[in-house]
Every structure is written in C-alpha cells, then in structure tokens.
1. May I ask you to compute the full-extension gain from A:SER86 to A:ARG117, defined as 0.36 nm times their residue separation minus their alpha-carbon distance, rounded to one decimal in nm?
2. Over all distinct alpha-carbon pairs, what is the Kirkwood Rh of the stretch A:104-182 in angstrom?
3. Which distance in Å, rounded to a whole number, links the C-alpha centroids of the stretch A:35-58 and the stretch A:158-215?
4. Based on alpha-carbon positions alone, could you give the equivalent ellipsoid semi-axes of the protein assembly as shown from the gyration tensor, as √(5λ), descending, whole Å?
5. Round to the nearest 0.05 the FRET efficiency obtained for B:ALA201 and A:GLN67 when R0 = 22 Å and r is the Cβ-Cβ distance.
6. Hey, got the average number of other protein chain Cβ atoms within 10 angstrom for residues in B:69-76?
7. How tilted is helix B:2-26 with respect to the longest principal axis of chain B? Cα atoms for both, answer in degrees (0 to 90, nearest 10).
8. Divide by every residue of the protein assembly as shown the summed helix terms, -39500 (n - 2.57) for each DSSP H run of at least 4, and state the resulting mean residue ellipticity at 222 nm, rounded to the nearest 500 deg cm²/dmol.
Amino acid sequence: MSILGLTKSNDKVLQAENLAFERNGCTIFSGVNFYVSEGELLLLQGRNGCGKSTLLRILTSLIKPQQGFVSTYGENIYADRHKYLSNIIFIGHQLALKLALSPLDNLYWTASSTRGRQHIFEAMDEMGLSSVSGLPCYRLSAGQLKRVALTRLILSDAKLWLLDEPFASLDLSGVSIIEKLIERHLKQNGSVLMTSHQDLRLSNIRKIDMSVWCH
Amino acid sequence: MARSTFEATIAPLVFMCMGVSLIPLALPPGAASHGSIAPGIVWIMVLLASLMSLERIFTFDYEDGSLEQLLISPQLLTQPIFGKLVAHWVMTGVPMALASPIMAFVLSLPADGYIPMILSIVIGSAYLSLAGSVCASLTVSLGRGSFLLPITVIPLYMPIIIFGTATIDFAISGMDWLFPLAVMGTFLCLATAICPIAVAAIFRYTILF
C-alpha cells in the first residue's frame with residue numbers, strides 16, 4: 001500500500017503482516033498474519049511456549065520482529081509511535097504494581113494524567129476492590145492484585161486493549177467483571193486482542209490458533 | 001515488603017559506617033590518628049556504597065513490569081528516568097553526605113576538612129548516581145548480582161574519587177579547595193545533561209524482553 005504512496009485508510013486497528021521472530025537462533029514463529037477490526041475481539045490461542053506473550057510484546061512495540069511489520073489503520077506502528085502508544089493499553093503477566101504502595105497510589109501513578117481521584121474510586125468499586133483500596137499491595141492476594149492491574153482498563157481511554165491471559169488467577173466473579181468490561185468496550189467500538197486458555201461467554205469473538213505458525 | 005524497601009535504602013549507609021569503623025582496627029596503632037588517610041577512606045566507602053545501591057535503580061522495575069509499562073507509555077522517557085535518578089541520589093547520596101562527619105570524626109579528620117568533605121560528597125554522589133545509572137541500565141536484563149555492573153562502572157567513577165579526595169586534601173593543607181570541587185561540578189553538569197538521555201536510548205534500543 002505505502003510503496004507507491006497510495007495510503008488507503010482502513011478500519012483495521014491492528015494488522016500483522018508476515019511476522020517472524022527468532023530467539024537465540026531458534027525460530028519461535030513465522031508467517032504470522034492477522035488483523036483486528038474496530039469493535040472486535042480476537043482471541044489468540046495456542047499451547048504453552050508457542051510465542052503468544054512474545055507476539056503481544058511485538059504488537060506493543062517493545063520487541064522488534066525479525067521479519068514483517070505491524071500496522072495500525074494501514075500505517076506502520078513505528079511511523080508515529082507516540083500516537084500508537086497513546087491508543088493502546090497492554091496488561092501482561094507482570095502487573096507493574098509497587099507492593100509497598102496501596103492500590104489507590106498505584107493506580108494514581110498510572111492514571112493521574114487523565115483522571116481525578118474520584119474516578120479511580122469508582123473504577124475500583126466496579127472491580128470489587130473498594131474494601132482494600134487503602135491497604136498496601138503486599139497484603140493483597142494474587143487475584144486481588146490482578147484486579148488492581150485490570151482496573152487500568154477502566155481508567156484508560158485506549159481503543160485497543162492487548163491482554164495477556166487476563167483471567168489468570170481471577171475467581172469466577174472476577175472473570176465475569178472482566179467479560180462485562182470487554183463487552184462494554186466492544187460496544188463503544190473498541191478492540192481487544194487477548195490470549196486465554198479459557199472460553200469466553202461473549203459474542204463477536206474471532207479465534208486464532210497460533211499453533212499453525214509455530215515451530 | 002515496605003520494611004525490606006526501607007532496609008535496602010539504608011543498607012549503603014550502614015555498610016559505609018561499618019567499613020569506616022573497621023579500618024582503624026585493621027591499621028597499626030596511631031596510623032588513623034593524624035587524619036591523613038581519612039579523605040581516601042571516606043571516599044572509597046562512598047564509592048562502594050553507591051556501587052552497592054546501583055542495582056536497585058532499575059532492577060525492581062524490570063522485574064515487576066513497571067519498566068515495560070514505562071517504555072510503552074506515550075510520555076517522554078527521559079523525564080521519569082531523571083526523576084528516578086534524583087530520587088536515588090536523595091535516598092543514598094544525601095544520607096551519606098550527612099553521615100560523613102561522624103565517619104570523618106572516627107578517622108580524626110582535621111576540622112578544616114569537614115565542610116569541603118560534605119560538599120564534595122553531595123556533588124560527587126549525584127554524579128555517581130547519574131553515571132552509574134548508564135551501566136545499571138545496560139546490565140538490567142542480566143539480573144541481580146551481575147559482576148559486569150561493577151566492572152563497567154568503575155572507570156566512570158575514577159575521576160570522582162580523584163577530585164573528591166583532592167578537595168578534602170587541599171582543604172586540610174590550606175590550599176584552594178574550590179578548584180577540585182569545581183571540576184567535580186563540571187562532571188556533574190555533563191552527567192546531568194547526558195545520562196538520562198543515554199539511559200532512555202539504551203532502554204529503547206536494547207533487547208530487554
């Protein structure tokens with residue numbers, strides 16, 4: 001598209017073309033092609049170690065692939081990295097929470113630029129965290145910490161959510177809260193790309209099995 | 001966890017005090033009583049204590065995912081890095097400067113040397129935090145206890161130990177100690193301008209994950 005300068009606008013929030021990645025001379029995946037449209041949930045599945053987390057990191061621009069490129073609305077993500085990064089939110093296995101601080105302080109640090117304190121309280125209430133908002137994070141359980149990290153989804157304005165196993169260590173009520181959040185986000189024309197081993201009770205899901213690209 | 005953070009913060013200070021208090025015991029009687037070894041010993045301990053705390057600047061952020069989030073946040077990377085370095089200096093360098101008179105007293109430093117010593121540690125430790133952060137960012141993915149960090153950082157620390165001890169020596173022998181202190185200030189200015197940008201570039205262009 002961009003070779004002849006004929007950039008065509010499209011509604012593909014994220015498009016991966018022919019991505020390949022190798023680590024220490026060993027190819028993890030190659031020939032990865034997929035896209036995510038507006039208002040759509042793409043579920044990445046595949047066995048352990050087939051590169052799902054690595055692929056998500058490539059999509060956040062944290063790692064560069066050896067081959068292929070990632071584009072957003074038809075434009076390479078490295079062309080205007082700042083604009084792309086302000087449009088995504090990534091929540092991985094590492095929760096980026098400071099254990100010495102309270103959930104409130106942790107969220108204030110990540111969300112302070114856009115929202116006030118009242119908004120954080122409301123978001124934590126929605127996640128079922130209002131009773132622990134003032135406790136230091138080292139007193140919380142793994143599931144509660146995951147909920148604190150996922151509260152960032154409510155506080156963020158990002159159109160594209162990149163979630164690496166968001167349901168890991170969550171209980172049943174936690175899973176249904178996240179499903180509701182995702183549903184609301186999709187209705188507002190947002191997009192979600194996530195990895196999960198669980199089946200979701202949501203409509204408008206497209207599933208991709210990564211094993212086909214895997215080596 | 002909050003307690004271990006506190007302990008790790010005062011660890012360099014405790015290390016420095018212990019080292020300084022052991023040295024008179026190891027030397028022949030009277031060797032520490034005329035104060036000529038005090039500038040060198042104090043500065044070596046400041047250097048080692050600073051080296052010990054360097055790893056903490058980025059390792060915790062790397063392990064808990066904060067660094068990852070920082071790298072994909074749309075803000076400019078140099079600002080939070082500079083903030084972290086200032087915080088590191090306030091938590092390690094400033095306490096060492098404040099505690100140094102006690103150690104100088106143990107090593108019987110002459111009275112003229114105290115104020116130059118405190119000033120040189122204040123300026124010098126800020127340089128140590130800044131210059132050390134470059135090496136800390138290069139070795140962050142190697143995990144804790146990497147021997148590459150001390151090896152890479154010592155050459156950057158050498159000018160500071162030369163001019164730091166010179167500041168105190170000049171003051172004791174009645175010479176103009178502002179000259180070596182000004183050289184240290186020059187080093188600090190250069191490091192302030194270069195190091196945050198260098199660290200940001202290192203994080204951007206090295207493979208961390």
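Quick note: the coordinates plus some simple rules give every number you see, no bench work behind them. Predicted model only: the values in this text are computed from it and were never measured. All Cβ positions, even for glycine, are placed from backbone atoms using ideal geometry, and neighbour counts span all protein chains on display.
1. Stretched out fully, the A:SER86 to A:ARG117 stretch lengthens by 9.1 nm.
2. Numbers: mean 1/r = 0.0780 Å⁻¹.
Radius from the Kirkwood sum: 12.8 Å.
3. 10
4. On the way: eigenvalues 509, 113, 66 Å².
Semi-axes, largest first: 50, 24, 18 Å.
5. Details: r = 25 Å, r/R0 = 1.12.
Computed FRET efficiency for B:ALA201 and A:GLN67 comes out at 0.35.
6. Numbers: counts 12, 2, 4, 11, 5, 10, 4, 1.
Mean inter-chain Cβ contacts per residue within 10 Å come to 6.
7. Tilt relative to chain B: about 30 degrees.
8. On the way: 15 runs with 221 residues, N = 424.
Value at 222 nm, helices only, nearest 500: -17000 deg cm²/dmol.
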